[in-house]
Amino acid sequence: MMPANACPESASEIPDQTHSHPTVGQVDPLSQGVHSATFTSQQSPYGPMAAGHTVRAVPPESHLGEQQFDPEDPSKVPDDQVIVGRQPRTLSSLEWLGDRIKKGFASLFRSFKMMGILFSIYWHGGSIESFQNAAAKARGGILVKAIQFACSSPSIAQDLFGDDHEQFTRTLSHVATSNKPMTEAELIHCLDEAGIDYNPERLNERRNLGTGSIGEVNEIILKNGESLIVKTVSESSETRVYSDLRVLRFVLGLVTFFAPSSIGKGTKHAIFSFFDSVKEELNLITEANRTRQQDFAFKAVAQQHIFDIRQDELPDYAYKLPSRPIGFTIQHPVTGTVLLQLPVNFKVPAVDGNTASPHALGMEKIDGVTLTENDQPKLRSLAAKLFNIDETNISDDHLLAFRFSLKKLAFQHWFYCYAQTGFFNADMHDGNVMVNVEDGRLNIYFIDLGNAQKVSRDAVKATYTILGAMEQLREESGVARRSHYADQVVQCMQALSEYEPDKVNWGKLKQEVLNLMPYRGEGKIDQKVIDLFNRAYKCHVKMPKETVALFRAKILINSQTTMTDEARRSLDRMVPSLIKLLGSDASSSVPPGNIAGQNALLMLIRQLPELRQQLIELMSTIPATDEQLEYAASQLLSKIHLPPDEFRREVDELIRQWQMQMPPAHPEQTHSHAGSSTAYPPPVPG
């Protein structure tokens with residue numbers, strides 16, 4: 001068992017600065033929410049489904065009651081809502097033989113192609129350009145994912161790329177390529193397997209929404225005329241992935257046989273664990289269930305059915321746990337006044353259990369835009385809709401600030417959801433985040449959850465402690481204190497890892513910790529932890545892939561929050577300009593502390609023209625004092641966080657009460673009703 005005080009982690013990483021004393025409970029801005037449009041250089045915090053053989057009807061959306069949450073596993077999906085999906089039909093012996101021959105030839109051809117691609121890398125001396133060309137020629141498979149994986153760890157990058165690994169990492173971290181487009185025959189096979197009632201006569205009208213390294217997403221027209229978003233993984237894509245895995249395993253085996261010292265055992269183990277995680281992405285039933293798990297995790301967070309890990313459960317040297325996101329918030333860069341605070345809904349696309357199979361998954365269409373740099377121009381209309389302003393008034397600086405602010409908010413929710421539910425998407429990047437505006441409300445969607453993972457409450461605490469203890473090693477020169485913090489790291493790894501008692505060498509692992517974290521050493525902590533996990537393998541300690549995936553996800557997130565000086569200046573210019581666009585100013589007569597609410601209310605009312613007109617007509621017929629109007633505004637401000645339908649019902653009820661009571665212009669006057677004297681409250685909808 002792990003000591004109670006041994007295993008929590010800090011959800012953040014401190015700035016790359018030298019401190020004379022360790023900072024207790026250090027917190028990164030990301031763990032505290034998006035309080036300002038201005039970013040800092042600080043790093044962000046840390047925040048198998050069984051396949052059946054029948055089809056089980058599953059509601060597209062889950063309606064959660066309090067009793068359905070498991071306090072030890074907040075993201076657990078009730079048994080009656082687990083998606084079983086459809087399985088491929090059983091083939092006859094002749095069909096099976098033909099299918100195996102066909103796949104065998106395809107696999108052989110792909111293997112030869114991949115061997116040629118890898119030989120080209122070797123022939124050109126393993127240059128950066130050779131890796132880039134290889135990624136472009138691969139057309140799917142896992143080569144691109146493997147390159148990105150290698151760049152996520154300094155030790156793995158150094159093993160593979162040598163002394164120039166930093167240059168390789170900078171250049172190749174964001175290398176990307178698209179899969180080979182799916183043929184119509186392959187698409188039809190996937191749709192039929194999932195039982196999707198598509199219109200064959202309009203199949204050529206399908207709209208491709210994206211093609212990745214493994215699958216693709218299309219908008220398909222159904223027989224009833226409606227459209228359905230379908231993610232598919234073709235059997236040929238599946239063949240490419242498995243062929244690539246065999247080739248890469250074979251090449252790694254050759255390298256380690258002829259040059260045993262060229263690649264460490266820890267690196268090899270980490271790469272093979274990565275290969276296993278890629279296999280899980282091939283089964284879309286797994287992705288469907290993980291999407292539903294993320295939905296439950298979000299709802300558990302919203303209803304506070306969480307681990308509820310408290311700061312006093314962590315050692316005093318641990319970083320603070322991430323706080324719960326409070327919405328999309330912008331502060332004045334000089335005065336600190338909150339200028340705008342909007343409620344945000346975190347969601348996932350609803351998946352249909354009746355149209356799920358290993359190769360196809362039907363899901364809800366999200367009319368939104370991703371947060372990638374390439375999609376930034378599409379954010380203009382979305383921002384205009386949200387802020388209810390003309391698109392021409394939104395500059396490129398506004399878009400840049402808006403996008404980065406949304407990214408920070410999405411990543412912050414990722415951190416909090418991990419810390420309090422143990423569930424996280426291990427492939428978290430801006431391309432897997434979509435935003436839209438519905439009924440004037442901002443929604444942030446997490447998509448592509450095929451590589452999501454889950455850990456326990458104790459594992460969450462352990463990961464927080466590991467980072468905190470390793471950071472303290474940088475600040476401590478005393479032998480006794482360094483030994484203490486190294487022991488804490490080892491104890492946490494002992495609680496998390498897999499090992500054989502007669503082979504494990506904890507003493508050697510402790511020394512690896514001390515060697516990796518010298519006094520006032522350099523390097524980012526999350527990457528140091530990955531290096532430690534790789535070194536642990538030499539001590540016969542294997543870290544579970546879920547824990548390793550967590551730290552790799554953090555590295556991926558950190559790579560997307562680094563800002564250039566030009567971007568930072570753009571953000572600094574954005575806030576005063578946005579104030580003018582919203583029609584407010586810090587020097588206005590609006591009482592301090594109410595600017596944000598009034599801006600939010602103004603934006604929301606503008607999104608509901610019928611309600612706005614009703615309020616105008618009501619105000620023109622009923623006299624009201626300034627005090628009554630102020631009270632009415634305060635009542636509305638207290639309701640803006642509600643969903644649109646609930647907000648409208650609350651406002652309608654307030655209007656009804658106002659119309660029934662017909663209060664006088666002076667609230668100190670009273671009206672007699674049923675023989676009693678009643679003092680009416682100030683009127684409501686201002």
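The values are calculated or read from the model by the stated rules, or taken from the named source; none is laboratory data. Please read all numbers here as calculations on a predicted model, not as lab measurements. Note that each Cβ is placed from the backbone with ideal geometry, even for glycine, and that neighbours are counted across all protein chains shown. Each accessible area value is taken on the protein alone, full model and side chains, heavy atoms only, with ligands, DNA and RNA left out. Shrake-Rupley method; radii C 1.70, N 1.55, O 1.52, S 1.80 Å.
Yes or no, residue by residue, for (1) part of a loop (DSSP other than H, G, I, E, B); (2) in contact with a strand residue (DSSP E or B) (Cβ under 9 Å, 6 or more places away or on another chain); (3) more than 30 Å from residue 282 (Cβ to Cβ):
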residue: 306; (1), (2), (3): yes, no, yes
residue: 320; (1), (2), (3): yes, no, yes
residue: 329; (1), (2), (3): no, yes, yes
residue: 341; (1), (2), (3): no, yes, yes
residue: 345; (1), (2), (3): no, yes, yes
residue: 352; (1), (2), (3): no, yes, no
residue: 356; (1), (2), (3): no, yes, no
residue: 362; (1), (2), (3): no, yes, no
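Could you tell me whether the range 458-473 includes any residue that is at positive phi and of a type outside the set (D, E, K, R)?
If we filter the range 458-473 for residues that are at positive phi, which is where we start, we get none.
Taking every residue of the range 458-473 in turn, none turns out to be at positive phi and of a type outside the set (D, E, K, R).
Annotation: residue 231 fulfils all but one of (1) assigned to a helix (DSSP H, G or I); (2) under 28 Å from the mean Cα position of the chain (by Cα); (3) not β-branched (Val, Ile, Thr); the unmet one is (1). For the range 295-304, residues that are in a helix (DSSP H, G or I) and either in contact with a strand residue (DSSP E or B) (Cβ under 6 Å, 6 or more places away or on another chain) or open to solvent by 10 Å² or more (accessible area, probe 1.4 Å) (or both) total 5. Selection over the range 523-556 of residues that are under 28 Å from the mean Cα position of the chain (by Cα) and not in a helix (DSSP H, G or I) gives a count of 5.
Annotation note: of 150, 185, 146, the sole residue that is under 30 Å from residue 355 (Cβ atoms) and either of a type outside the set (Asp, Glu) or within 26 Å of the chain's Cα centre (by Cα) (or both) is 185. Residues satisfying the criterion are present in the range 340-348 (criterion: touching a helix residue (DSSP H, G or I) at 6+ places or on another chain (Cβ under 7 Å), at pLDDT below 85 and open to solvent by less than 20 Å² (accessible area, probe 1.4 Å)). Quick one: count up the residues across the range 275-286 that are in a helix (DSSP H, G or I) and either open to solvent by less than 10 Å² (accessible area, probe 1.4 Å) or of a type in the set (Gly, Ala, Ser) (or both). Total satisfying the criteria: 5.
A single entry from 272, 250, 257, 307 fulfils the requirement of being among the aromatic types (Phe, Trp, Tyr) and open to solvent by less than 30 Å² (accessible area, probe 1.4 Å): 307. Among the residues of the range 189-206, those identified as closer than 17 Å to residue 179 by Cβ and open to solvent by 30 Å² or more (accessible area, probe 1.4 Å) are 189, 206.
Restricted to the range 428-473, and to residues there that are of a type in the set (Asp, Glu), touching a helix residue (DSSP H, G or I) at 6+ places or on another chain (Cβ under 7 Å) and farther than 14 Å from residue 407 by Cα, the residue that is surrounded by the fewest Cβ atoms within 10 Å (Cβ to Cβ) is 439.
Does any residue of the range 129-142 turn out to be touching a helix residue (DSSP H, G or I) at 6+ places or on another chain (Cβ under 8 Å), open to solvent by 80 Å² or more (accessible area, probe 1.4 Å), modelled with pLDDT of 85 or more and assigned to a helix (DSSP H, G or I)? Scanning the range 129-142, I find at least one residue that is touching a helix residue (DSSP H, G or I) at 6+ places or on another chain (Cβ under 8 Å), open to solvent by 80 Å² or more (accessible area, probe 1.4 Å), modelled with pLDDT of 85 or more and assigned to a helix (DSSP H, G or I), so the answer is yes. Can you find a residue in the range 365-386 that is assigned to a strand (DSSP E or B) and either of a type in the set (Val, Ile, Thr) or out of contact with any helix residue (DSSP H, G or I) (no Cβ under 7 Å at 6 or more places or on another chain) (or both)? Yes, that holds for at least one residue.
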